[in-house]
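First the structure, in the form of structure tokens, and then the observations on it.
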Amino acid sequence: MAAFPLISHSKRDQVFAYRAGLPVSVAQFLREVESLAQILPERHHILNLCADRYRFAVGFSAALLRGQTSLLPPNYTPSFVARLGQSFPDMYCLADSEVQLPDIEVMQYPQVPVKDDAAMPSVPAIPAKQRAALVFTSGSTGHPVAHPKSWGSLCKGAVAEAASLNITRNSGMAVLGTVPAQHMYGLESSMLIAMQNGLVLVAERPFYPADICAQLAALPQLRCLVTTPIHLRSLLSESRHLPAVAFVLCATAPLAPQLASEAEARFGAPLYEIYGYTEAGMVASRRTTSGAAWHLLAGVGLVQDENGSRMVGGHVEIEAPLSDVIAGNPDGTFTLHGRSADMVNIAGKRSSLSSLNHHLNEIPGVRDGVFFMPDDSDGATKRPLAFVVAPGLRGEDILGALRHSVDAVFLPRPLYFVAELPRDSSGKLTRAALTQLLERCAQK
């Protein structure tokens, strides 16, 4: 039976991670995984809520050794976790902080004793077909819909991603992520990419610009930043000096070319984007300043027929139709035109919310902004509205700027000024969160 190693690091004294500024060796990581695996409950499903990325990696790996599947929901609200528990009654939780999950067993991450003179554990080989994770979407009814990820597909994807980013295997590059490991992007691009390419993961997940800069500066010179457009925008606007990096990686939301250009100029390094979706994971990358075309990862192909567009081959296990509108190019790349549900049609004119968001966030002084289409189930004609974080600007300033790039029928009506947008830990905005924000704004 085909199998993939847990990690690709080749030496016992090689640095596997940095935690609280201190290096953690490959040997120490393997011993800790082995020790934790011995005391995990006898279950089939684990909800790993460790905020420390190193501890998450140990828990994820220990679960693999025990044949357990890690559950990765889109959020951790009590109602969603409760529905998850109904679907997987044997689920337990591993956490490194106090969490309250009624009716679910919570195991606190233990202090695992590690002896430097202990025998070096061998690197475990995990069957390629073993189900390593279940990634969830909310589904049309809000009930969790599971998408399985085998260990083999996750490993092949991590290697393909590294190749697309020109990463040298076993280079020891430190990978600092501002996204949680529980999110698919964070799992793939801040943890698995390190485990499967001999890189060094960083335990901390800094949020504020000053913390991101401090964490980067404390790492060895060969380092990269895995982040989101919203974190990047804040970092560039609030930081005068940026530590050198090998590259910056972005995902989870569209990235304005102007922001990418500014990031490259100030970091003195290339900026790449990753494109993916829940069913398949990451499938393409691009250097944003080089053009709009996306390059498929090794082994992945694009199929377009009467049933729509879908990705096949390589590490892709589920050939689900894409919800995005894309156009294949003769050279094998593709161009993204927005989500199918993202299209707005008013008075015979068409645009996309992605395009409108791009023009809104281009306006000088706008720190964050998003267009939103209200529910039109009542049959009434709806126009897009917008929420904007723009201290110091007036509504007429923003509308005046938009008139230069957006057709008048798409101007936001109304335009709400807010202190911040309700983004989740990975920088995403959900329709539910925006609907709640609209309700609060409409009551004022």
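Some observations on this one:
- A search for C-beta distances below 8 Å between a residue of region 384-409 that is at negative phi and any residue that is hydroxyl-bearing (S, T, Y), counting only pairs 6+ apart in sequence or on different chains, returns L385/Y416; A386/Y416; F387/Y416; V388/Y416; V406/S351; D407/S351.
- Selection within region 419-437 - farther than 16 Å from P229 by Cα and buried (at least 16 other Cβ atoms within 10 Å of the Cβ): L434, L437
- Qualifying residue in region 214-225 (condition: of a type outside the set (A, V, I, L, M, F, W, C), in a helix (DSSP H, G or I) and buried (at least 17 other Cβ atoms within 10 Å of the Cβ)): yes
- Where Q111 falls short, out of the listed (1) part of a loop (DSSP other than H, G, I, E, B); (2) under 15 Å from A132 (Cβ atoms): (2)
- Residues satisfying the stated conditions in region 16-33, i.e. within 16 Å of Q215 (Cβ to Cβ) and of a type in the set (V, I, T): V24
- Selection from region 17-44 of residues that are under 22 Å from A3 (Cβ atoms), touching a residue at least 24 places away in the same chain (Cβ under 8 Å) and touching a strand residue (DSSP E or B) at 6+ places or on another chain (Cβ under 8 Å): F29, L40, H44
- Within region 101-122, the set of residues being closer than 21 Å to A181 by Cβ and either modelled with pLDDT of 95 or more or polar (S, T, N, Q) (or both) comprises M107, Q108, Y109, Q111.
The values are calculated or read from the model by the stated rules, or taken from the named source; none is laboratory data. Note that the structure is a prediction, hence the values are computed from the model and not measured. Please note: Cβ atoms are built from the backbone with ideal geometry, for glycine as well, and neighbour counts cover all protein chains shown.
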